[in-house]
Amino acid sequence: MTVARSGAPDDDARALFPMPSADKPARCKITGVCAPARSAVLTTLFRRQPAPVWLVITEEQDAAEQLAEDLLLLYEAAGGDGLTLDVRVFPESLADSRNMREAFAASSDRLAVLSKLRTTRTLTGAINPPLPTLVVATTPTALLQPVPALEEFMGKEIGIVRGQRQPFQGFIEQLRAFDYDSEVVCETPGQYAVRGGIIDVYPVTATHPYRLDFLGDEIEDIRAFDPVTQRSGDRIERLTLSGSPRLQLAPSVTGLADYLNPRTHLAFIEPAALEAIFSLIDRSPPADAAPPPAGPVASLAPLLARCTAVFGLSDLDEASTLFEGAETEQTWDTESLVHHRRYPDDALVAHERLQAEEEARQQF
């Protein structure tokens, strides 16, 4: 992993960050942030500008996935002021004709993020103990792809609590209505298996399956289990079950914006490049889509309307209509440590090269 040093503002500079207004999100333009320093700068923002949800937009999905890993590492290393992060990637959906298994997995991951966003959507005040800050890393393409209408999505999602009354056969019918596949052994998302008074189910939004032990029409126990060994693990109190991605649900008119908390913060990584991508997508909508409203980066309007603060992180000070007249502009001094590494001469071989590499590591 590449490391960066950052000349970030000190704690007394907290007031330099923008304060949101009642009618539009506050904007802060931060330049001088080299690529390896993005995660370090973002984790600083998370601590100084707390919000229930942070939406971080990068150009490509690989970059979003790498950013998600780095954010967790750096935030935990720096100590989160008692707060924790729940970092997730909102991936781009894939056509079924490309690879059905990969397409199903991508759609399931998208539903998992929608489910988490839905649970934080109405959070407005302080909660004790505080919930983890939800950080969603994504791309312009993923953001602008259709998502189910919020009301329809809520109708295809149920909460299950240990000890609640739940008719056994009724639960099986619910799984069928959610388009889950009945199998002898429950091994992959979207499957369930029935054995006596036990129902194994693998929610499409989960990373492992669960074993529900019924006593009559009551859920007596819920445990995670290993899909390979089929051995039960830790007991849990509740889980959320979402419908399969194969269900055809009406799309949301305003896309992901419907799922966002009104106190969401938005971060653009290299906003000038992202603006070009969003504009290109605006000019190339699907054939059956309604034309976007007039204006620069029209597709971003619903998202911006749902956020209270917008941050732009870039290396160079490039022009961007998103941050024209930004309330706050900062320049950070960051530099990649890769510039300070010494590499062995290419002509060295065998023991000499190993020795030179060891010396280079020690000096670094």
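The values are calculated or read from the model by the stated rules, or taken from the named source; none is laboratory data. Just so we're clear, the structure is a prediction, and the values are computed from it rather than from any experiment. Cβ coordinates were reconstructed from backbone atoms using ideal geometry, including for glycine residues, and neighbour counts include every protein chain displayed. Accessible surface areas use protein heavy atoms only, side chains included; no ligands, DNA or RNA. Shrake-Rupley method; radii C 1.70, N 1.55, O 1.52, S 1.80 Å.
General remarks:
- Residues of region 224-248 satisfying the condition of being within 25 Å of the chain's Cα centre (by Cα) and open to solvent by 70 Å² or more (accessible area, probe 1.4 Å): Glu237, Arg238, Arg246, Gln248
- Screening region 257-364 for helices (runs of 4 or more DSSP H) wholly inside it with 2 or more residues that are modelled with pLDDT of 85 or more and closer than 24 Å to Gly32 by Cα returns the ranges 271-283.
- Selection of region 46-66 for residues being within 14 Å of the chain's Cα centre (by Cα) and surrounded by 20 or more Cβ atoms within 10 Å (Cβ to Cβ) yields Pro52, Val53, Trp54, Leu55, Val56, Ile57, Thr58, Ala64.
- Criterion (more than 30 Å from Gln166 (Cβ to Cβ) and without any contact (Cβ under 8 Å) to a residue 40 or more places away in the chain) met by exactly one of Leu266, Leu274, Leu280: Leu280
- Which numbered condition Val184 fails, given (1) touching a residue at least 12 places away in the same chain (Cβ under 8 Å); (2) over 30 Å from Ala149 (Cβ atoms): (1)
- For region 180-187, the count of residues that are at pLDDT below 95 and buried (at least 18 other Cβ atoms within 10 Å of the Cβ) is nonzero.
- The one condition in (1) open to solvent by less than 50 Å² (accessible area, probe 1.4 Å); (2) more than 26 Å from Leu114 (Cα to Cα); (3) among the aliphatic types (A, V, I, L, M); (4) modelled with pLDDT of 70 or more that Ala35 fails to fulfil: (1)
- Test: Thr120 is out of contact with any Gly (no Cβ under 9 Å at 6 or more places or on another chain), of a type outside the set (A, V, I, L, M), open to solvent by less than 50 Å² (accessible area, probe 1.4 Å) and modelled with pLDDT of 90 or more: yes
- If you go through region 71-83 and keep only what is within 21 Å of Thr264 (Cβ to Cβ), of a type outside the set (A, V, I, L, M) and assigned to a helix (DSSP H, G or I), you end up with just Tyr75.
- Ser93 meets each of the listed conditions (1) modelled with pLDDT of 90 or more; (2) open to solvent by 70 Å² or more (accessible area, probe 1.4 Å); (3) closer than 26 Å to Arg118 by Cβ apart from (2).
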